[in-house]
Amino acid sequence: MSVPVLLVTGFLGAGKTTFINRVLEGDHGLRIAAIVNDFGSINIDAALLDRSAEGVIGLKNGCICCSLQGDLMRTLKLVMARTPKPELIVIEASGVADPAGIVQSLMDPVIWAQARLETVIGIVDAPDAPRRKDDPLWQAQLRGSDILFLSKTTQSTPEEVTALRATLSVQGKKHIFDMEAPIPLPALFIEEGHKRGRVMASPHSDSRFIHVEWEHDGPLDMHAFQETMSRLAGVLLRGKGFVSFTGRADRMLFQLVGNRAALSPEPSNGEKGCKLVLIGERGEFDPDAALRALNGLRARDTKT
């Protein structure tokens with residue numbers, strides 16, 4: 001099973017490393033590998049330090065930190081070769097880099113089979129944003145992000161934060177979070193464990209977020225599936241799963257995050273049918289409506 005990758009981008013000093021620190025220190029129970037530009041910015045408590053070798057610092061909570069030196073692909077391969085493998089990889093992009101270059105590198109088929117890009121997370125320095133609005137690099141980092149986190153919001157007035165959110169929303173950014181609040185991991189990636197077992201058309205809730213797991217034994221009409229996902233996309237934070245389509249031999253991997261949705265070929269392992277997980281925020285995402293829409297696809301397949 002490939003490991004989900006979160007790519008963290010943002011301008012110099014925006015708070016990328018602070019965000020990664022928050023993820024590493026979270027109460028999630030995951031083995032996380034953080035690939036960062038500078039070890040010195042990571043909060044590594046001596047009590048948590050387990051070992052240090054090969055440019056990798058291991059922590060007793062199962063997480064590791066690896067310095068991004070030289071080629072990203074080489075660093076990723078080093079991380080993936082560890083035993084046990086990480087369950088999540090977080091990569092810090094340089095503050096002077098357009099994330100599009102790293103995204104392109106992560107699309108390498110060899111890497112994609114082991115470590116699959118899930119979400120590009122943009123960190124926006126709230127007090128600095130008005131000064132950056134015409135900066136081409138800042139705009140490129142914004143465009144390349146699926147989900148945004150506002151940092152240093154306590155240094156701005158509530159009115160300034162509201163105005164910034166409105167500006168970012170006009171630019172097509174639907175999902176904007178505040179770094180002062182707990183990091184919502186369900187919004188960033190879907191754990192593979194959600195797809196195990198056969199939870200048939202059953203909505204599950206988890207405080208702020210609610211998710212639906214749906215399975216279907218047969219193939220779906222691709223055009224109908226794409227239409228349904230387009231209708232649901234406006235209220236979804238995440239969508240992921242495997243889909244079989246009529247007339248196609250192999251299943252496809254479906255991923256939806258932010259404004260980005262993609263279908264990509266998935267090498268056949270003998271499994272058929274469809275398995276989907278959809279996540280949204282309580283009050284915005286109606287799980288029953290989503291299930292009706294998905295079951296409508298099942299009914300259409302039964303008729304054909």
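Details
- The set of residues from region 256-304 being more than 15 Å from Ala187 (Cα to Cα), in a strand (DSSP E or B) and at pLDDT 90 or above comprises Cys274, Lys275, Leu276.
- Residues in region 141-168 that are out of contact with any strand residue (DSSP E or B) (no Cβ under 7 Å at 6 or more places or on another chain) and open to solvent by 50 Å² or more (accessible area, probe 1.4 Å): 11 in all.
- Candidate set from region 174-190 (those that are among the hydrophobic types (A, V, I, L, M, F, W, C) and outside any loop (DSSP other than H, G, I, E, B)); member that is nearest to Val120 (Cα to Cα): Leu188
- Any hit, region 214-232, residues being of a type outside the set (Asp, Glu), surrounded by 20 or more Cβ atoms within 10 Å (Cβ to Cβ) and modelled with pLDDT under 90: no
- Within region 4-17, being under 22 Å from Gln104 (Cα atoms) and either out of contact with any helix residue (DSSP H, G or I) (no Cβ under 7 Å at 6 or more places or on another chain) or surrounded by fewer than 20 Cβ atoms within 10 Å (Cβ to Cβ) (or both) holds for Pro4, Leu12, Lys16.
- Each residue in region 57-93 was checked for being at pLDDT 75 or above and open to solvent by 40 Å² or more (accessible area, probe 1.4 Å), and 9 of them qualify.
- All positions within region 113-136 that are under 25 Å from Leu76 (Cβ atoms) and either open to solvent by less than 40 Å² (accessible area, probe 1.4 Å) or of a type in the set (Ser, Thr, Tyr) (or both): Ala115, Arg116, Leu117, Glu118, Thr119, Val120, Ile121, Gly122, Ile123
- You will find that of Ile35, Ile20, the residue that is in contact with a Cys (Cβ under 8 Å, 6 or more places away or on another chain) and either at pLDDT below 85 or open to solvent by less than 30 Å² (accessible area, probe 1.4 Å) (or both) is Ile35 and no other.
- Sole residue being over 17 Å from Asp146 (Cβ atoms) and not hydroxyl-bearing (Ser, Thr, Tyr), chosen from Ala261, Ala249: Ala249
- Some residue of region 241-252 being over 27 Å from Ala140 (Cβ atoms), in a helix (DSSP H, G or I), modelled with pLDDT of 85 or more and open to solvent by less than 40 Å² (accessible area, probe 1.4 Å): no
- In region 223-240, the residues that are within 24 Å of the chain's Cα centre (by Cα) and either over 21 Å from His175 (Cα atoms) or assigned to a helix (DSSP H, G or I) (or both): Phe225, Gln226, Glu227, Thr228, Met229, Ser230, Arg231, Leu232, Ala233, Gly234, Val235
- Pairs where the first residue, in region 139-166, is touching a residue at least 12 places away in the same chain (Cβ under 8 Å) and of a type in the set (Asp, Glu) and the second is open to solvent by 20 Å² or more (accessible area, probe 1.4 Å) and not in a loop (DSSP other than H, G, I, E, B), C-beta under 7 Å, 6+ apart: Asp146/Arg260
- Screening Arg251, Arg238 for residues that are without any contact (Cβ under 8 Å) to a residue 24 or more places away in the chain and of a type in the set (Lys, Arg) leaves exactly one candidate, Arg251.
The values are calculated or read from the model by the stated rules, or taken from the named source; none is laboratory data. Everything quoted here is computed from the prediction, not taken from an experiment. Ideal geometry is used to build each Cβ from the backbone, glycine not excepted, and the neighbour counts take in all protein chains shown. With ligands, DNA and RNA removed, areas are computed over all heavy atoms of the protein, side chains included. Shrake-Rupley method; radii C 1.70, N 1.55, O 1.52, S 1.80 Å.
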